[in-house]
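Visitor: My structure is below; once you've seen it, I'll send some questions.
The values are calculated or read from the model by the stated rules, or taken from the named source; none is laboratory data. Note that the structure is a prediction, hence the values are computed from the model and not measured. Every residue, glycine as well, gets a Cβ built from its backbone with ideal geometry; the counts of neighbours run over all protein chains shown.
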Amino acid sequence: MNVDTIAAISTALGEGAIGIVRLSGDQAIDISDKLFKGTTKLSDVKTHTITYGHLVESNEVIEEAMVTVMHGPKTYTRENIVEINCHGGLVSVNRVLQAALSHGARLAEPGEFTKRAFLNGRIDLSQAEGVMDLIRSKSDQAMNVAMRQVEGRLSGKIQHLRQQLLETVAAVEVNIDYPEYDAETMTQQIIREKMRPVLVEIDHLLVTAKQGKVLREGLATAIIGRPNVGKSSLMNSLVHESKAIVTDIPGTTRDTLEEYVNVRGVPLRLIDTAGIRETEDIVEKIGVERSRKALKEAELILLVLNNSEPLTMEDEALFEAVEDMDVVIIVNKTDQKQAIDIKKVHQFANGRPVVTTSLIHDEGVDQLEEAIKQLFFAGDIEGQDLTYVSNARHIGLLNEARRRAEDALQATEMDVPVDLIQIDVTRTWELLGEIIGEDVQDSLIDQLFSQFCLGK
Ligand SMILES: Nc1nc2c(c(=O)[nH]1)N(C=O)[C@@H](CNc1ccc(C(=O)N[C@@H](CCC(=O)O)C(=O)O)cc1)CN2
Ligand SMILES: Nc1nc2c(ncn2[C@@H]2O[C@H](COP(=O)(O)OP(=O)(O)OP(=O)(O)O)[C@@H](O)[C@H]2O)c(=O)[nH]1
Ligand SMILES: [K+]
Ligand SMILES: [Mg+2]
């Protein structure tokens with residue numbers, strides 16, 4: 001295979017102590033040797049060592065450098081790689097890059113090093129996408145998710161699923177082509193048994209996708225309730241800071257207020273809202289509208305009630321509005337004489353968690369945090385063992401694969417001929433393959449890698 005040797009600046013542009021120009025390809029070492037003056041030639045140094053020397057262009061020293069030489073295939077791209085560590089700063093690294101280009105290297109496209117790692121089979125597509133996510137991570141959690149993907153955890157799961165599908169397809173194939181062959185009779189019953197766990201596993205991956213999204217973006221969490229029940233007090237308790245204005249005047253909060261907070265490993269995008277009520281005040285009206293919007297877009301609701309007052313029609317209307325949502329009910333002001341019908345609260349809660357608090361005394365917040373954590377990490381998912389799916393392309397493909405797998409499963413209940421069901425099984429296998437880059441068109445590959453940074 002005669003591919004170009006590529007070169008690029010692989011460190012961030014700007015002033016820094018060191019900048020790296022990286023070359024990859026058959027000619028990487030020879031091209032570097034044309035620039036390099038040291039006690040030995042780079043082609044003579046041991047692989048995976050770093051060598052001190054000078055870079056010389058038309059008899060003039062342009063840089064003092066440390067040069068790492070790595071022979072393929074045990075490299076990032078599986079090709080020969082040279083990394084020239086020069087002094088940081090735009091002029092220096094650019095000069096070295098230009099010198100490499102003038103001696104026969106081609107400027108790499110964005111993502112081309114990682115693309116080569118993919119094309120040369122060192123990593124699959126989902127791992128390559130993980131590399132990109134790694135660079136773009138803005139939080140520890142996002143970085144952990146990406147790192148797991150680079151390590152190939154998702155790839156492993158996908159390969160396992162595909163293997164199961166392949167076995168199903170192969171068994172059916174044997175039955176169709178060689179009816180006289182005494183293979184396992186691939187009845188619909190057997191397809192059903194094979195497809196069910198596949199569907200369960202895809203569902204599981206999609207659940208982790210939801211968790212992955214939350215870990216990256218925070219769970220949109222609206223604090224709602226009548227005026228003066230203690231919504232802003234709750235906001236302040238959860239963020240451990242006095243961010244929202246609290247007064248005894250109903251209608252204190254006029255506009256929604258957002259804060260990020262990590263509650264026992266669950267990142268929340270917490271939204272304090274104006275108390276929802278009928279009002280003629282034009283400013284408050286707008287605030288109430290925004291509260292309704294926050295309520296609609298929320299992924300978690302913290303519904304606050306007042307222990308010292310009976311339930312009102314407004315409370316009941318709020319219960320109705322959040323009927324199908326993830327909700328934690330907070331009965332606040334337990335330091336005051338109870339007037340609320342707690343039995344009725346539990347009826348409305350309908351199995352969803354109810355927590356009692358006295359926010360001015362900072363009581364009950366622990367239990368609330370625990371309830372939120374329980375809701376999110378339903379069951380006992382081990383933090384270490386999560387294979388998050390975080391990439392929109394992967395989620396799209398998993399959803400499509402899920403639909404096909406379900407179609408196949410349903411078809412087995414409806415006496416559809418096995419060779420027709422087989423089409424859905426095969427399609428599920430193909431869709432999962434696209435996640436790890438099997439059978440994806442070149443144009444998609446180009447598109448995906450072009451989103452990388454230069455030099456990666
Ligand atoms: N200087 C430098 N630092 C870097 C990178 C790089 O390319 N250069 N990386 C770039 O992103 C990351 C490290 N990632 C890497 C991943 C795989 C291989 C690699 O050579 N893999 C071979 C051999 C492994 C081995 O020796 O055991 C392989 O998997 O076959 C190198 C770097 C972060 N730090
Ligand atoms: N006794 C008692 N008072 C509380 C408690 N929690 C909050 N309050 C008080 O209730 C009043 C209203 O609290 P806020 O947090 O402003 O209530 P809110 O729901 O945000 O009110 P609006 O923004 O006006 O809708 C304040 O005077 C708080 O100090 C509590 O647990 N017990
Ligand atoms: K208030
Ligand atoms: Mg408020």
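Visitor: Which pairs do you get when a residue that is in contact (Cβ under 8 Å) with a residue 12 or more places away in the chain and under 13 Å from Tyr388 (Cβ atoms), found in the stretch 121-149, comes within reach of a residue that is within 16 Å of ligand 3 (Cβ to nearest atom) and among the hydroxyl-bearing types (Ser, Thr, Tyr), reach meaning Cβ atoms under 7 angstrom, with the pair 6+ apart or on two chains?
Guide: none
Visitor: Let me ask another. Anything in the stretch 418-437 that is without any contact (Cβ under 8 Å) to a residue 40 or more places away in the chain and either touching a strand residue (DSSP E or B) at 6+ places or on another chain (Cβ under 9 Å) or not in a helix (DSSP H, G or I) (or both)? List them, or say none.
Guide: Within the stretch 418-437, no residue meets the criteria.
Visitor: Any residue at all in the stretch 86-96 that's without any contact (Cβ under 8 Å) to a residue 60 or more places away in the chain and not charged (D, E, K, R)?
Guide: The answer is yes, given that some residue of the stretch 86-96 is without any contact (Cβ under 8 Å) to a residue 60 or more places away in the chain and not charged (D, E, K, R).
Visitor: What residue, of Ile329, Ile271, Ile301, Ile282, is away from ligand 2 (no atom under 11 Å from the Cβ) and surrounded by fewer than 19 Cβ atoms within 10 Å (Cβ to Cβ)?
Guide: Being away from ligand 2 (no atom under 11 Å from the Cβ) and surrounded by fewer than 19 Cβ atoms within 10 Å (Cβ to Cβ) holds for just one of Ile329, Ile271, Ile301, Ile282, which is Ile282.
Visitor: Looking at (1) among the hydrophobic types (A, V, I, L, M, F, W, C); (2) away from ligand 3 (no atom under 13 Å from the Cβ); (3) at pLDDT 90 or above, find the lone condition where Ala274 falls short.
Guide: The one condition Ala274 does not meet is (2).
Visitor: If you check Ser92, Ser126, Ser139, which single one turns out to be small (Gly, Ala, Ser), away from ligand 1 (no atom under 14 Å from the Cβ) and surrounded by fewer than 16 Cβ atoms within 10 Å (Cβ to Cβ)?
Guide: Just one listed residue meets the conditions, Ser139.
Visitor: Inspect the stretch 215-237 for any residue being modelled with pLDDT under 90, surrounded by fewer than 19 Cβ atoms within 10 Å (Cβ to Cβ), away from ligand 2 (no atom under 16 Å from the Cβ) and of a type in the set (A, V, I, L, M, F, W, C) and give the result as yes or no.
Guide: no
Visitor: For the stretch 245-256, enumerate the residues that are surrounded by 13 or more Cβ atoms within 10 Å (Cβ to Cβ) and either modelled with pLDDT of 95 or more or more than 13 Å from ligand 4 (Cβ to nearest atom) (or both).
Guide: If the condition is that a residue be surrounded by 13 or more Cβ atoms within 10 Å (Cβ to Cβ) and either modelled with pLDDT of 95 or more or more than 13 Å from ligand 4 (Cβ to nearest atom) (or both), then Ile245, Val246 are the ones that fit.
Visitor: Starting from residues that are more than 14 Å from Ile276 (Cα to Cα) and β-branched (Val, Ile, Thr), keep the ones in the stretch 240-255 and report whichever is farthest from ligand 1 (Cβ to nearest atom).
Guide: If we take residues in the stretch 240-255 being more than 14 Å from Ile276 (Cα to Cα) and β-branched (Val, Ile, Thr), then Ile249 is farthest from ligand 1 (Cβ to nearest atom).
Visitor: Tell me which residues, restricted to the stretch 61-85, are touching a residue at least 24 places away in the same chain (Cβ under 8 Å) and among the polar types (S, T, N, Q).
Guide: Passing the criteria: Thr75, Thr77, Asn80, Asn85.
Visitor: May I ask you to list the residues in the stretch 64-81 that are over 18 Å from Val3 (Cα atoms) and crowded, with 21+ Cβ neighbours inside 10 Å?
Guide: Listed by number, the residues that qualify are Ala65, Val67, Val69.
Visitor: Out of the stretch 31-63, which residues are surrounded by fewer than 18 Cβ atoms within 10 Å (Cβ to Cβ) and among the hydroxyl-bearing types (Ser, Thr, Tyr)?
Guide: Matches in the stretch 31-63: Thr39, Thr40, Ser43, Thr47, Thr49, Tyr52, Ser58.
Visitor: Please specify each residue of the stretch 143-169 satisfying the condition of being among the aliphatic types (A, V, I, L, M), within 10 Å of the chain's Cα centre (by Cα) and within 17 Å of Leu206 (Cα to Cα).
Guide: Residues satisfying the conditions are Val145, Ala146.
Visitor: Kindly evaluate Gly265 against the criterion of being in contact with a helix residue (DSSP H, G or I) (Cβ under 6 Å, 6 or more places away or on another chain) and modelled with pLDDT under 95.
Guide: Taking the combined requirement at face value, the residue does not satisfy it.
Visitor: State which residue is nearest to ligand 3 (Cβ to nearest atom) when the search covers only the stretch 224-242 and only residues that are in contact (Cβ under 8 Å) with a residue 24 or more places away in the chain and more than 18 Å from Val355 (Cβ to Cβ).
Guide: For the stretch 224-242, the residue satisfying everything is Asn228.
Visitor: Filter the stretch 117-142 down to residues that are within 16 Å of the chain's Cα centre (by Cα) and either within 20 Å of Tyr76 (Cα to Cα) or acidic (Asp, Glu) (or both), then give me how many there are.
Guide: 13
Visitor: Just one of (1) within 16 Å of ligand 4 (Cβ to nearest atom); (2) assigned to a helix (DSSP H, G or I) trips up Glu320, so point out which.
Guide: The failed condition is (1).
Visitor: Suppose we keep only residues that are closer than 26 Å to Ala209 by Cα and surrounded by fewer than 20 Cβ atoms within 10 Å (Cβ to Cβ) within the stretch 410-432. Which one would you say is nearest to the chain's Cα centre (by Cα)?
Guide: Glu430
Visitor: Let me ask something additional. Given (1) assigned to a helix (DSSP H, G or I); (2) in contact (Cβ under 8 Å) with a residue 40 or more places away in the chain; (3) farther than 20 Å from Met147 by Cα, identify the lone condition not met by Gln410.
Guide: Condition not satisfied by Gln410: (2).
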